[in-house]
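For reference, the structure discussed in these notes is given below.
The values are calculated or read from the model by the stated rules, or taken from the named source; none is laboratory data. Here the structure is a predicted model, which is why all the values come from computation and not from measurement. Cβ placement follows ideal geometry from the backbone for every residue including glycine, while neighbour counts extend to all protein chains displayed. The accessibility values were calculated without ligands, DNA or RNA, using every heavy atom of the protein model including side chains. Shrake-Rupley method; radii C 1.70, N 1.55, O 1.52, S 1.80 Å.
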Amino acid sequence: MKNPKFSHAFEVVTDLPGPLQPLRKLASNYFWTWDHDVRDLFRSIDREGWDAADHNPVLFINRLSKERLARLAGDSIFVGRLNQCGDSLDSYLNAETWFDKTYPGERSKTQIAYFCAEFGISEGLPIYSGGLGVLAGDHLKAASDLGLPLVGVGLLYNRGYFRQRLNHDGWQQEIYPQYDFYQMPLTLIRDASDQPLRIEVEFPDRIVTCQVWRADVGRIPLYLLDSNVLENQPTDQGITDTLYGGDEEMRIRQEIILGIGGMRALRAVGISPTVCHMNEGHAAFLSIERIRQFMSDHECDFRTARQVIVNGNVFTTHTPVPAGFDLFSPTLLEKYMRKNVDATGLPFDEFLKLGRIEPDNSGEAFNMAVLAMSNANYVNGVSKLHAAVTRAMFGSRWPSYPENEVPIDAVTNGIHTMTWVGRRMSLLFDRYLGHGWRRSPEHPEAWREVESIPDEDLWAVLEDQRGSLVRFVRKRLQKDIEQRTLNRADYGILNGALDPRVLTIGFARRFATYKRASLMIADRERLKKLLFHPERPIQIIISGKSHPRDDGGKRLIQDLVHFINDGGARTRMVFLEDYDIQVARALVQGVDVWLNNPRRPHEASGTSGMKVVPNGGLNCSILDGWWDEGYEPGIGWAIGDRSEVQDEGHQDWLDSRSLYHLIENEIAPVFYHRVENGVPRGWIQMVKRSIMTLGHQFSNSRMVREYAEMFYIPSSQAYRHLAEGKLQNTYEVLGWRERVTDNWKSVRVTHVEDTTVRANPIGKDISIRALIELGSLTPDDVRVEALVGKIGPNRELADCHVAPLSPTGMDGSRYVFDGCVPCNLPGHQGYTVRVVPHNAAIRVASELNLVAWE
């Protein structure tokens, strides 16, 4: 017979001796992922066991024998280290934070909920696929460091993202292990009667039930929903089975659980967010559930509730191409969302309009990013270039605004420095920089003393890190070979793979075709000459996964593996299987150069290259994403320039030639130029300038502070202002909106005059006077502005800035507005006057697409 099903369940945990009790506290908080002392403590118990547990401290501790635990409890030195680590965690959790010092009194009034489909906290919690998840994990860590009142919300995938194995022909195969959440640093949330907390979500013909788990990331709780409960049908138990698995129907199920289920989970645990941050469009359905909850709580209609909720939502998009957004057909949407939409009283056809760039175009697919934009007053891209690309993509939603004023801001991504910097480098920084770089990595002064680090000391660390990487790669290759062949690998042969003294280039990322992983083998013979140069050889370490349904990405992997195995490059090139956070950490801490060569402008930001910076690695990249704003000569290299050729094949050819030229004529010569004590002085100077210039700029402490200052606090304050009392402020805003919209056709710029002459000297102020008809509106309802810029070839204004005009009186029935424009730049310039609505209680540019131009 088959194995019987259980009728009763219970949990068994390792009983720790008294002196070892702090181990459980340390294991249950992901603080260890960015604290070297705690990580080293776990590793010191049993290095092989720690690695075998995939750096999952709960599983690791549960595997320790009673004898081993007894010996540890009797080891006074270990117990002393353990207590020190426990004290460090307590001190961290109880310290005064940036948020409390900067916003006294706000903590009790502000609650931020950060929703994302994946979180990359640690390789021991495999619920992430790549950059989006790792960024989300780093976001929580920085929010913890800064003390933000923030919680994370996501899904707990029973099989996570796939584990990658390559067959003998180099073709990617996907393996989906089953994970035991009870053996992870997770807590199952229970209700008052000590039963697992359940939340319910309506599906077409049934209710889907989820339980809720909690992971602690420093000060930040991360709530994760799990549909694998007995109350559900087998198909529904599998909704949270795999990340980005299944078809379109599975995707919409997951996103309903994330958005709608996530909001209900927060309510069930007693959290009422003032701000909801949708990190990518996967969580956009939360806006509908949040409106429904507000309607129920305040007994108001959809229109009123939406006015409040929109002010408390933030949306971040990470996608620079239209094909990257989640699109759903109206039929599928109606099947799964009809009940949830009906509960708000919104006609379903009106709901569909919220997900279209052109609301009345019934042939347009429903776009989750557009739904998120429609219900958020703050929208941002993840680099300056990406924000510009996004404004161009979605500019038609704001047809009255110039493209550069489409209300999509930029908050460039960053990394959690303490998670990614290596042990050796962190000790070097402590010695010469003090501890300021740990506490405030976003401050430029924290990195200023990098210049004082002796070249020999910095070079010694870089050499040690490269050696550690080579050892890691050889050990990983041995493991991969043994898994594939089921025979013990010949470690003697593996010793020939890579050389710890050779210039090492890293390339690791998702294998999407636009990232052009095969660009490096465009000219195979030329690459071989670089790999085996008699005086200046290079070696390349590659890793990454392709989406299971992306055969194009899989072919890129196969092409690279074939070149390595059959092209004679095996000793100088390596492909590491099963890219994860552990592999990423080893690579960014050990490579000399990080390579990134996507098609511009398809890389929204990228963060892998940021991670090499505090580890002393240099970047060689296309001027895309973060490198477009981070690059300057002397701190790394740019492949090509900012020009874009329409012929992709020709662009690839140009960029491959640029890459080979850089390696051969700039990168390798600087690395191997050692005229004094074997230290490459020029290389070390570039490393120092890179750390000093980029270390603070691309820290996600800077990033999360920007989110707090630009979005979270203004959103929370706007939400609270509109939601307080009996919604009187909301009704006033709605009345103002209706009055402005109904009367806008009467708003006109009737006359403009200025004090310009034919040639105006630099430094002179130009006075502008505009006469404005406002109909029944008043100057308090509007802003009058002069848009000033250079005159382009088609009479268009470029590089514009806004000069406000102030009301100064009346001219008959017209209002007079005056202002000044300084002449600071030479050249042919011009201006035009416009009128826009203004209300301090809402972000008008996002909500009202009304502009009256001269």
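Here are some notes:
- Label point at residue 456 placed 7 Å out along Cα→Cβ; residues across segment 415-450 whose backbone nitrogen lies under 14 Å: none
- Accessible surface of segment 549-591, 1.4 Å probe, proportion on carbon and sulfur as whole %: 39 percent
- Between the beta carbons of residue 68 and residue 88, assuming R0 = 25 Å, the FRET efficiency works out to 0.60 to the nearest 0.05.
- Here segment 43-121 exposes an accessible surface that is 47 percent carbon and sulfur, computed with a 1.4 Å probe and the other protein chains kept in place.
- For segment 75-89 versus segment 119-149, the inter-centroid distance based on Cα atoms is 26 Å.
- Label point distance in nm, residue 522-residue 810, each placed 7 Å from Cα along Cα→Cβ: 6.9 nm
- Think of a 1.4 Å ball rolled over the protein heavy atoms: segment 1-120 then has 55 Å² of accessible area per residue.
- Accessible solvent surface per residue of segment 697-854, calculated while the other protein chains remain in place, 1.4 angstrom probe, Å²: 51 Å²
- Assigned charges on the beta-carbon of Lys, Arg, Asp, Glu; the chain dipole about Cα centre (debye): 1420 debye
- Cross-link reach list, lysines versus residue 66, counting only Cα pairs under 30 Å and skipping chain neighbours closer than eight places: 25, 475, 479
- Our note on the geometry: Cα centres of segment 450-486 and segment 583-650, 21 Å apart.
- Computed over the chain, Cα set: Rg, Dmax in Å: 28.9, 97
- Residues within the reach of a label modelled at residue 666 (point 7 angstrom out along Cα to beta-carbon, backbone nitrogen below 13 Å), restricted to segment 603-646, are 619-623, 631-642.
- Residues of segment 231-253 with amide N under 17 Å of a point placed 7 Å along Cα→Cβ from residue 329: 247-253
- Per-residue [θ]222 nm for the chain (sum of -39500 (n - 2.57) over DSSP H runs n ≥ 4, rounded to 500): -11000 deg cm²/dmol
- For segment 415-486, the solvent-accessible area with a 1.4 angstrom probe is 44 square angstrom per residue.
- Restricting segment 606-695 to GluC sites (Glu not before Pro) that sit in a DSSP loop and have at most 14 other Cβ atoms within 10 Å of their own Cβ leaves 644.
- Cα pair distances exceeding 19 angstrom across segment 749-822, given as percent: 42 percent
- Computed E for residue 180/residue 499 - FRET, C-beta separation, R0 35 angstrom, nearest 0.05: 0.30
- To put it simply, the accessible area of segment 294-335 at a 1.4 Å probe is 51 percent carbon and sulfur.
- Extending 7 Å from Cα along the Cβ direction at residue 298 and again at residue 360 yields two label points whose distance is 3.0 nm.
- Simple spin-label estimate for residue 169 and residue 758 in nanometres, 7 Å along Cα-Cβ: 7.8 nm
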